[in-house]
Amino acid sequence: MTSPLTALLPTTERALLHRVATAQSEGRAPSLVAGVAREGRLVWTEARPSAEGDRSVDTQYRIGSLTKTFTAVLVMRLRDEGLLDLGDPLEKHLPGTGVGEVTIAQLLGHTAGLGAESPAPWWERTPGALRPQLADVLGEEPVPHPPGRRHHYSNTGYTLLGSLVEAVRGASWESVLRGEILEPLGLTRTSVQPQSPCAEGWAVHPWADVLLPEPAEDLGLMAPAGQLWSTVADLCRFAVFLTEGDDRVLRASSVAEMRTPSAPAEAGDWDSTYGLGVQIVRRDGRTLVGHTGSLPGFVACLWVSTEDAVAAVVLANATSGPLPGAVAADLVRLVAEGEPRIPEPWRPLPEVDQGLLGLTGPWYWGAHPFGLRLLDGGGLEIQPLRGGGRGSRLIPAGDGTWVGQDGYYAGETLRVVRREDGSVRHLDLASFVFTREPYEAGAGVPGGVDPEGWRGTRS
């Protein structure tokens, strides 16, 4: 029986159905399937036209560049195991590629300066056997842009990352993917080659309601950039992993790192950027993380809002027409706005350090008031009490200091500066002095405090 906290209301289900049905009809897709996960479980699926039985959940579609996110997870696993560093030049682990000093992080975030595509003929519609070596994929000028200077989406970059995985692991990308992601997460219907039941890819004539079958090629070396087939159910499960992490595959902190912007937005596209193997967009006032995908005959999208704990997957078997990114974003919005997330109940801390408790309350940076709160596990949070200002959550470093986790103070250190008698003189956060009173005399304010103190205009 479905939990009442995850089951959707009939009105929400009706709105989801209408959005999916409209997308399939107006987008003229032979079929379109969608699913929504909330609070870690699949709560709604639909297929248009409706399929018999459970095929909407179990039918495979090709997911194109969503494959890149799987490849990125494999690379992050290598990093977490200490087998490489994201700042390493690719040549350190995969010599002879001819791409110079581009780093692994730059490849993950599409800032390595590589070209978008391999040389002709178009790799998505031709056999991978035409490109048996990396040199055939990269071409004569593999790096047309200065590395690290701009975001330029690169399919060839993810070919290199797939080859990196193979070089470090000493096994094929496919076998590593299966053993390290698909099997641990139970993604039994995600595969490199199609497995029945699977949808056939079609092109739809722009001026007539007729179809043309699209070829489904094995992409060879380009597979890590776009080869995979999957289902709504499997991708919703993968979306939950991208929200929560899974210690069998990749810890939560590393998944959160993937969701953090690593690349500048293109000029004029301030609502879209890229993390480490994931796209990051702003839609309807919320941040969505995931990836879109397309190959001849198929389009796909997975979006997840971690704040709302809602994910949506949309798959269709048409080369063009439906816009799965827009549809998936709308599905997230319909659930998140129609049924706002129920907050966790407030509970008191299980224990408290009296010394830390004494640090809480108002502090002043100059004359600007801030509030310092105590969090579970000995963490702290500092936030401005009015107007704008810089705030951050901080976690204990184990040496009597705290390290900022977000915002302006991410990675910066908070220290408690004490007087000789042990009393707190001030807080030092990245050289900014916070005192108990505005410009408190004798509390270490840089530049000192005028000895005559505060005054009116007639002084």
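The values are calculated or read from the model by the stated rules, or taken from the named source; none is laboratory data. These figures come from a predicted structure and were not determined experimentally. Cβ: placed from backbone, ideal geometry, glycine included. Neighbour counts: every protein chain shown.
Things worth noting here:
- Restricting attention to the stretch 277-330, the residues that are at positive phi and free of Cβ contacts under 8 Å to residues at least 24 places away in the same chain total 1.
- Residue that is among the acidic types (Asp, Glu), at pLDDT below 95 and closer than 27 Å to Gly275 by Cα, where the choices are Glu101, Glu52: Glu101
- Restricting Ser254, Ser230 to residues that are assigned by TED's automatic domain parsing to the domain that holds Phe70, modelled with pLDDT of 95 or more and buried (at least 22 other Cβ atoms within 10 Å of the Cβ) narrows the list to Ser230.
- Enumeration of residues in the stretch 335-362 that are modelled with pLDDT of 95 or more and under 21 Å from the mean Cα position of the chain (by Cα): Val335, Ala336
- Filter result for Glu344 (in contact (Cβ under 8 Å) with a residue 40 or more places away in the chain and not polar (S, T, N, Q)): no
- Only residues that are surrounded by 13 or more Cβ atoms within 10 Å (Cβ to Cβ), aliphatic (A, V, I, L, M) and modelled with pLDDT of 95 or more were counted in the stretch 397-416, giving 3.
- Among residues of the stretch 315-325 being more than 17 Å from the chain's Cα centre (by Cα) and small (Gly, Ala, Ser), the one that is surrounded by the most Cβ atoms within 10 Å (Cβ to Cβ) is Ala316.
Residues checked against (1) in contact (Cβ under 8 Å) with a residue 60 or more places away in the chain; (2) more than 24 Å from Thr260 (Cβ to Cβ):
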| residue | (1), (2) |
| --- | --- |
| Ile382 | no, no |
| Gly391 | no, no |
| Asp421 | no, yes |
| Leu429 | no, no |
| Tyr439 | yes, yes |
| Ala443 | no, yes |
| Glu452 | no, yes |
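- The stretch 226-285: number of residues that are within 25 Å of Trp44 (Cα to Cα) and acidic (Asp, Glu): 4
- Residue check, Asp284 modelled with pLDDT of 95 or more, in the same structural domain as Leu315 (by TED's automatic domain parsing), surrounded by fewer than 22 Cβ atoms within 10 Å (Cβ to Cβ) and out of contact with any strand residue (DSSP E or B) (no Cβ under 7 Å at 6 or more places or on another chain): no
- Ser305 being at pLDDT below 95 and of a type in the set (Ser, Thr, Tyr): no
- Qualifying residues in the stretch 167-225 (those that are at positive phi and in contact (Cβ under 8 Å) with a residue 12 or more places away in the chain) - the one farthest from the chain's Cα centre (by Cα): Gly220
- Each residue in the stretch 273-309 was checked for being within 25 Å of Ala223 (Cα to Cα) and among the hydroxyl-bearing types (Ser, Thr, Tyr), and 4 pass.
- Only one of Arg150, Arg131, Arg125 that is surrounded by fewer than 17 Cβ atoms within 10 Å (Cβ to Cβ), in contact (Cβ under 8 Å) with a residue 24 or more places away in the chain, within 24 Å of Arg62 (Cβ to Cβ) and not aliphatic (A, V, I, L, M): Arg125
- The number of residues in the stretch 13-30 that are surrounded by fewer than 22 Cβ atoms within 10 Å (Cβ to Cβ) and within 18 Å of Trp202 (Cβ to Cβ) comes to 5.
- Screening Asp80 with (1) among the charged types (D, E, K, R); (2) closer than 18 Å to Val249 by Cβ; (3) in contact with a Phe, Trp or Tyr (Cβ under 8 Å, 6 or more places away or on another chain) gives one miss only, at (3).
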